[in-house]
1. Filter segment 131-165 down to the residues that are over 20 Å from Gly107 (Cβ atoms) and more than 22 Å from the chain's Cα centre (by Cα), then identify the one that is most open to solvent (accessible area, probe 1.4 Å).
2. Return the pair list, or none, for Cβ contacts closer than 7 Å from residues in segment 128-144 that are on the phi < 0 side of the Ramachandran plot and modelled with pLDDT under 80 to residues that are open to solvent by 60 Å² or more (accessible area, probe 1.4 Å) and in a helix (DSSP H, G or I), at least 6 apart or on different chains.
3. Kindly provide the set of residues from segment 110-166 that are among the charged types (D, E, K, R) and in contact with a strand residue (DSSP E or B) (Cβ under 8 Å, 6 or more places away or on another chain), ordered by number.
4. Can you tell me how many residues within segment 153-176 are closer than 16 Å to Asp130 by Cα, part of a helix (DSSP H, G or I) and of a type outside the set (Ser, Thr, Tyr)?
5. Is there any pair with a first residue in segment 166-186 that is at positive phi and a second that is at pLDDT below 95 and open to solvent by 30 Å² or more (accessible area, probe 1.4 Å) whose Cβ atoms are under 7 Å apart and which are 6 or more apart or on different chains, and what are they?
6. So how many residues does segment 144-157 have that are within 25 Å of Ser188 (Cβ to Cβ) and in contact with a helix residue (DSSP H, G or I) (Cβ under 7 Å, 6 or more places away or on another chain)?
7. Quick one: in segment 173-190, which of the residues that are within 15 Å of the chain's Cα centre (by Cα) and among the small types (Gly, Ala, Ser) is surrounded by the most Cβ atoms within 10 Å (Cβ to Cβ)?
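The values are calculated or read from the model by the stated rules, or taken from the named source; none is laboratory data. Just so it is clear, the model here is predicted, and its values are computed rather than measured. Note: ideal-geometry Cβ built from the backbone for every residue, glycine included; neighbour counts use all protein chains shown. Surface areas here come from the heavy atoms of the whole protein model, side chains and all, with no ligands, DNA or RNA. Shrake-Rupley method; radii C 1.70, N 1.55, O 1.52, S 1.80 Å.
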Amino acid sequence: MGNKPESTFINMVLRLFVIVSVAGLALGLVYSQTFDVIQAAKKAKLEAAISEVVPAFDTLITYQVMPSTGKDSITFYNAYSKNKLIGTAIATYTDKGFSGRIKLMIGFDTMGVIINTAVLDHKETPGLGDKMDKSKGDWPSQFKGKDPKTFVLKVTKDKGSVDAITAATISSRAFCDATLRAYDALISEKEGGKHE
């Protein structure tokens, strides 16, 4: 039989250090190999969302705006066709979701009417709050063609115009909050706000 190495504190620490180092190097290698792929997938998802919420465009001008509510900036994508503004896609967010932050893309025409919506990211409950995503149901269609001047971006339970998702009022309120944040920022920009 071979001699079993003595289990001393130093031996255990050295072995643990080697194991952690090898695992860390492996994770770093996997991350570096997949980083570009993940970034390309995120970019493709963002581009698809912009195309989904505004009409076909040939030029896109991007800038950041700090909304009057919220702690992070939102991104404007002004869409132009033949040098004429045809719509604005706004990447917005809310921290009022049932399971945390929800990110949306909201498209507005030049008059501020909602063209369409798209969900960029959420962690809402499957079968309930995730119905805000078009792939899970048609709930978001009630926002299409609505003018937030007259269509109150709150759920009916809060004296608004939006029918909440059944058993997911918190998620519905969050969707409305993110949409209202985008609309308020759009109006502020039209009234002469300065962007970064």
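1. The residue in question is Lys159.
2. Listed pairs, sorted by first residue: Asp130/Lys136.
3. Looking only at segment 110-166, we keep the residues that are among the charged types (D, E, K, R), and these are 121, 123-124, 130-131, 133-134, 136, 138, 144, 146-147, 149, 154, 157-159, 163.
Within segment 110-166, Asp121, Lys123, Glu124, Asp133, Lys134, Lys144, Lys146, Asp147, Lys154, Asp163 meet the criteria.
4. Here the count works out to 5.
5. These pairs meet every condition: Ala167/Leu128.
6. Kept after step one, since they are within 25 Å of Ser188 (Cβ to Cβ), are these residues of segment 144-157: 144-155.
Filter again for in contact with a helix residue (DSSP H, G or I) (Cβ under 7 Å, 6 or more places away or on another chain), leaving 148, 153-155.
Count: 4.
7. Here is the first cut: in segment 173-190, the ones within 15 Å of the chain's Cα centre (by Cα) are 174-182.
With the extra rule that they be among the small types (Gly, Ala, Ser), the set shrinks to 174, 178, 182.
Values: Ala174: 26, Ala178: 32, Ala182: 30.
Out of the qualifying residues, it is Ala178.
Conditions (1) among the charged types (D, E, K, R); (2) closer than 18 Å to Leu180 by Cβ, marked per residue:
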site: Val53; (1), (2): no, yes
site: Thr62; (1), (2): no, no
site: Ala79; (1), (2): no, no
site: Lys82; (1), (2): yes, no
site: Leu104; (1), (2): no, yes
site: Ala118; (1), (2): no, yes
